[in-house]
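Below you'll find the structure, written out as structure tokens, and then a few comments.
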Amino acid sequence: MPAFMATRPPGHRGSPSTNPVQCNLFVLLSRLEFGRNCHNSAPMTFVDFKSFCFLYGQLFLKLLFVKSLSCIFLCLQVEKKATAHIKYLERLSQKVPDFPIPLRAHTVWEGMTVQLCCTVQGCPPPKVFPCLPFFLFHFPGVQLHQSSAVDIKAVDNEASITLRAAHKEHEGVYMARLKTWDTIQEHSAFVYITDASAAVLGGPASPLSVQVCDVNKDYVFLTWQPPSADGESPVQGYYVERCDLGQGEWVRCNVHIQKMCHYPVFGLKEGTTYQFRVRAVNRAGAGRPSKATEPVITADPLEQTRAMVHRGRTITITKDELEGQVKAPLPPTNVHACEVSDTYVVLSWTEPDPRGREPLSFYVERSLAGKSSWELASLDMVVNSPRFPVFDLAKGKKYCFRVRSVNKYGVSDPSEPSETVSLGKPQAAPAPPHSPMAVRDTDTSVLLQWQEPKEKDDILGYYLYYSETGEQDWKTVNNKPLTHTRFIVHGLENRKEYVFRVKSVSQAGNSNYSEESQPILVKSAIYVPSAPSAIALLLCTGLEMVLGWRGPLCHGGDPVRGYYLDQREEGMKTWREVNVKPVKERTLRVCNLSSGHFYQFRVFAANMAGVGKPSEASEGFLCEKWTMPEPGCPYDLASREVRDDALVLLWAAPLYEGRSPVTGYFLEVSQGDQSDSWMSLNDNPICETHYQVSGLQAGQTYRFRVSAVNEAGMGFASLPTEPVTAQTTPGTKEIEIGVDDDGFIFLGYEANEVNDESEFLWSKNYTEPIDAVRARTETKENRSVLTFTDPSEEDLGLYAVEMSDNANLSSSYDFTAKVIALKSGWQVEVSEEGDVRLWLQTEGLSDAAELRLIFNDREISSTPHRKINLDKAKGLVEILFDQLAAEDEGSYTAQLRDGRAKNQFTLVFVDQKFRQTLALADAKRRDHQRKAGPYFQEFLSWSINDDCELVIKCKVHTFYLIYLLMIKKKLLYIAKETLYVKYDIIYCILRSDAFCVSTALSAGPLSIQSTAVGFKLCCSFKYYISHLKTSWYFKDKRIEQEARTKTGSSMQMVWIEILNPTKNDIGKYTLEMFDGKETHKRFLDLSEQDKKIFYSGYQQSCCFLFFVSDRAKVTKGLPDVVAIREDKSLCLTCFIEGEPAPEILWLHNDKEIFNQAQFTITKEPKCSTITVNNVKTEYSGKYSIFVRNQYGCETVDVTVSVYKHGEKPPANAVEMGL
């Protein structure tokens, strides 16, 4: 190896190169250098020079390739950073599944269908299944499953539950629960079930929660809860009803009203399926029944205890079958009272053991305490189960009871007597709650709290009531007792004042009302704001970071007053405060950071109520100085003025501009909540930091993002906005512009929702504050006005306003040079006198408005020939010409000025338009002048009077007429005596019987029509006059006017109507018409075999004419007026005819009577009877029987007058009573 290969080239501070190309090149360069300086060295040959060029070229290509690789590596690094940033933005937009559309409170009528829906949202989009992780729960935590009454559906991210035929028992809180990997999201809604309409006017609502317990062979025990609404009077008690499902008929169980909310039902059939329900009763009557219980089968509850089990299998042999040796039964044991009330006692005992194979029944005996005489308490009742209610006990006395067993072999000895038993004291109604207090909750609800009474053992719950302050119109909040002492009352009106009161509920009934709460104004309560979100890095200098974030979705009823920021190094657990004092802006510079370290941050929002929950921790941000040439991302994106088809997007410029200033912005939109598809909104960059997005679809949801651009290119996109639905809020109003009475231009805005803390925030171009010198703002209630004190070109621009506590209430107006708005342009009118009026109308003007009228380039004013008027209040400009002339042709320009507002309007009144107007005005003027002398106001007309005379008449302005001529093939002179004048009307009378003759000859054939009460015979004429005498005949006998016939006529027809026809009305009908000289006839023969069929041309349906003796009618039975004394029973009977058998309805004061306790209705094919038991004065009024079938109907009324003891019945009434 040559010696110089072991040495380093001059100036080289590295190790010898190991690259062969570089080594050979160094050898050649050394030889070239030594050849110049050392004569002893061999010079470079041509071959060496070629090798040098070849090696140098290889080295150049090598270096070029290395440089290319460096560029590619740099691009890959940039792309990697961009991808990481995009993934970071996507992670920021990801959300744990939540409820963007939660359940909401519902109020429905009893018996209606209820549907609750909710939507689950997250990123990526979650799916909801009827099974885990999504459930629907019903308060107090019982999971609902699919059934005939409950329908649960889940499609994609939506879930719903449907309750069919809701009852008051279904009232309560329904909860939707969503389980995620690390948490549970819940939303709940209260479903209010409102009572259906009362069965009787003023009647009570239905009881609820009817429960069946202690089921035996012939006995069950019922309990229920009282209703919340008493009706017009307090509830007096209850009726219990049962239904044997095999028969399907409801039967009342108790004769007397049961006051307590429990009752023993005795006398049932063993092995029968029953349902039970309860009705509340007050002075108005019995209310609607409660929801029926689930079907219950009466059976021996101890039957299963006597079954024999052998080796894991149940054998159907019972102990009774093994006790066949027992003949005469043994006495029962343990006789005692299991239920004691103030009206009854329920006895219970234990069957004898052994009881024998034969079926057992029991005799119950009783005796006064201390007496030895016993009497049968069960009388003729068969007692099959060891339960027996005793109702006929005397209050204040003590009794003993004993029981005997009975089978077919005989009667057992009596059991041991029970302990002394007596009726209990009446259970008192519960004490009312106290200290109700209402607290603000939302703008439509309040939180109501109260204190329970001291004696609370028997209380089942509470009923709540509310009324507007001072109205005393109390409404029920809940129809199912609440078991807690606090409740959120929904459905109230915002900004209205309410008071509340509460009742306690027990089985003894409802308590009195508590005292009223203090009045409360319904508006949102103040609570801490929700957590901020979407923390983003806006700028990094290597030692400092500038962070931005999105404000909380809910500000808690009070504006956010500031934010607090915490930081920590990634991987650490301890958070450190960044700022002690809150910052109002949603950006903050964090200092004293270490370069190359990763940091995480979180943000708190605070208002007057306190500091809210922290945001989620941000991703770890690398503290490294930004040197990229493109700008950073814009921030603080917000939407304003959201409408059905447009909105305004606002943002802040990026804090990092890159190597050159930002030249504009590009906007992108994504349709849907979590769509990854983005579409550009603008082709050219936007210079402003606001943009109106148009062309949206109403009801669709959108997200937006913005990217800044400079000379180096486009930077990173901003974080997407929250999803925005394109929908105009009901009641939204826009900014209006006008001129006040002082001539000042103003902008006015009216908000539909305003709180005491609300402020109107005005701005110019969305960023600049309003200059107080150039404009002033005035706010009154829900309206704010921005008035320009001295408007000029400096005031032109885009003005916006929004509410401080609700940015969704916003609007803007582009204030350009003000013009007076035109309502109606120039109009030309010609009056009946020939006067011409030119007019136009603008918006209303102030008193300072001015008008200049220009005619053919010169200003004109009012003259006697041409008057000019200006109505400023209406904005009406008029030019009135008393006689339009040729010199009035030309152009008219109205120049209006009102303060700084102005406009002008021109009418070109020339050529054909002017000539037509001039000709019309002249024609109307001449006609008006003509009418100043005699002229016809009404031209000739004719009519025929009652005497069959032809009357020809006309009306003239001034009477100069001497005679009339009537032309009929020749001229006839009519004498002046046939003329007379009355009220400027000239009458000419021509008498002739020819008119009657022509009328009779024009008569058509008889036709028949059916009516609701019979049929009608008709005859048509071209023109009928009453001078033509008409008569109707049936079977050659004149039909006289009576109750069953009705005649009539019109100008084209005469007719006779037969009411309530029978088969006797079948025969020949004749119409005779006498014209003064001869008689004209028309015939129609109706026979039994030829029943007429005709068609209705409008309905195109075939109708059959029946002589309906089969029509439903009442033949006899009811007088006009009936009198009956109070407390007696009234019986009314009616006899009915009709085929098929009519439907029968009884009515009291035009309302249908149902078969209830007070009324007993019997219906037979030919008669019907209604019995009113124990008549009261309120039963007075009109009673009606209504019968109908397919051929007709009839109603017969009777007036019932109930008089009290000692009073006399009305003189014109028929006195009745049993």
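The values are calculated or read from the model by the stated rules, or taken from the named source; none is laboratory data. Keep in mind the model is a prediction, meaning the values are calculated, not measured. For neighbour counting, all protein chains shown are included, and Cβ atoms are generated from backbone atoms with ideal geometry for every residue, glycine included. All accessible areas refer to the heavy atoms of the entire protein, side chains included, with ligands and DNA or RNA removed. Shrake-Rupley method; radii C 1.70, N 1.55, O 1.52, S 1.80 Å.
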Residue in the stretch 1205-1214 that is aliphatic (A, V, I, L, M), modelled with pLDDT under 85 and open to solvent by 60 Å² or more (accessible area, probe 1.4 Å) present: yes
Unique match (being of a type in the set (G, A, S), open to solvent by 20 Å² or more (accessible area, probe 1.4 Å) and under 33 Å from the mean Cα position of the chain (by Cα)) among S670, S675: S675
Members of the stretch 788-830 found to be assigned to a strand (DSSP E or B), among the small types (G, A, S) and in contact with an Asp or Glu (Cβ under 7 Å, 6 or more places away or on another chain), listed by number: S810, S811, S812
Residue ID - most open to solvent (accessible area, probe 1.4 Å), chosen from residues in the stretch 1036-1051 that are over 18 Å from F1083 (Cα atoms) and among the charged types (D, E, K, R): K1046
Candidates A199, A205, A166 - the one that is open to solvent by 30 Å² or more (accessible area, probe 1.4 Å), part of a loop (DSSP other than H, G, I, E, B) and either modelled with pLDDT under 90 or among the hydrophobic types (A, V, I, L, M, F, W, C) (or both): A199
Qualifying residue in the stretch 491-499 (condition: assigned to a loop (DSSP other than H, G, I, E, B), farther than 29 Å from T721 by Cα and of a type in the set (S, T, N, Q)): yes
Residue match in the stretch 617-626 (condition: of a type in the set (S, T, N, Q) and open to solvent by less than 30 Å² (accessible area, probe 1.4 Å)): yes
Residue check, L447 assigned to a strand (DSSP E or B) and open to solvent by less than 40 Å² (accessible area, probe 1.4 Å): yes
Total residues in the stretch 476-490, condition over 18 Å from I520 (Cβ atoms) and not in a loop (DSSP other than H, G, I, E, B): 2
Tabulated pairs, the stretch 579-597, first among the aliphatic types (A, V, I, L, M), second outside any strand (DSSP E or B) and open to solvent by less than 80 Å² (accessible area, probe 1.4 Å), C-beta under 8 angstrom, 6+ apart or interchain: L588/V578; L588/N579; V590/E544; V590/V578; L593/E544; L593/C623
Residue satisfying all of: in the stretch 1187-1204; of a type in the set (S, T, Y) and open to solvent by less than 40 Å² (accessible area, probe 1.4 Å); farthest from P1142 (Cα to Cα) among these: Y1203
Any hit, the stretch 908-924, residues being assigned to a strand (DSSP E or B), surrounded by fewer than 16 Cβ atoms within 10 Å (Cβ to Cβ) and either out of contact with any helix residue (DSSP H, G or I) (no Cβ under 9 Å at 6 or more places or on another chain) or not polar (S, T, N, Q) (or both): yes
Any hit, the stretch 730-749, residues being in contact with a helix residue (DSSP H, G or I) (Cβ under 9 Å, 6 or more places away or on another chain), closer than 30 Å to A849 by Cβ and crowded, with 19+ Cβ neighbours inside 10 Å: yes
Extreme residue, most open to solvent (accessible area, probe 1.4 Å), among residues of the stretch 450-475 that are in contact with a Phe, Trp or Tyr (Cβ under 8 Å, 6 or more places away or on another chain) and part of a strand (DSSP E or B): K475
Selection count, the stretch 498-553, where residues are of a type in the set (S, T, Y) and open to solvent by 20 Å² or more (accessible area, probe 1.4 Å): 6
Test: S1184 is more than 30 Å from F1015 (Cα to Cα) and either open to solvent by less than 40 Å² (accessible area, probe 1.4 Å) or modelled with pLDDT of 85 or more (or both): no
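For every residue, the table says whether it meets (1) of a type outside the set (D, E, K, R); (2) crowded, with 18+ Cβ neighbours inside 10 Å; (3) not in a loop (DSSP other than H, G, I, E, B).
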| position | (1), (2), (3) |
| --- | --- |
| R357 | no, no, no |
| K371 | no, no, no |
| K395 | no, no, no |
| F401 | yes, yes, yes |
| D413 | no, no, no |
| L423 | yes, yes, no |
| S435 | yes, no, yes |
Residue match in the stretch 828-842 (condition: buried (at least 19 other Cβ atoms within 10 Å of the Cβ) and closer than 25 Å to D742 by Cα): yes
Selected residue (criterion: farthest from A196 (Cα to Cα)) from residues of the stretch 280-306 that are of a type in the set (S, T, Y) and over 33 Å from the mean Cα position of the chain (by Cα): T305
Yes/no for N808 being among the polar types (S, T, N, Q), within 33 Å of the chain's Cα centre (by Cα) and under 19 Å from D740 (Cα atoms): no
Failed criterion for N808 (all others in (1) polar (S, T, N, Q); (2) more than 22 Å from A873 (Cα to Cα); (3) open to solvent by less than 60 Å² (accessible area, probe 1.4 Å) hold): (3)
Check on S1002, surrounded by 13 or more Cβ atoms within 10 Å (Cβ to Cβ) and modelled with pLDDT under 70: no
All positions within the stretch 263-279 that are crowded, with 20+ Cβ neighbours inside 10 Å and within 40 Å of the chain's Cα centre (by Cα): Y274, F276, R277, V278, R279
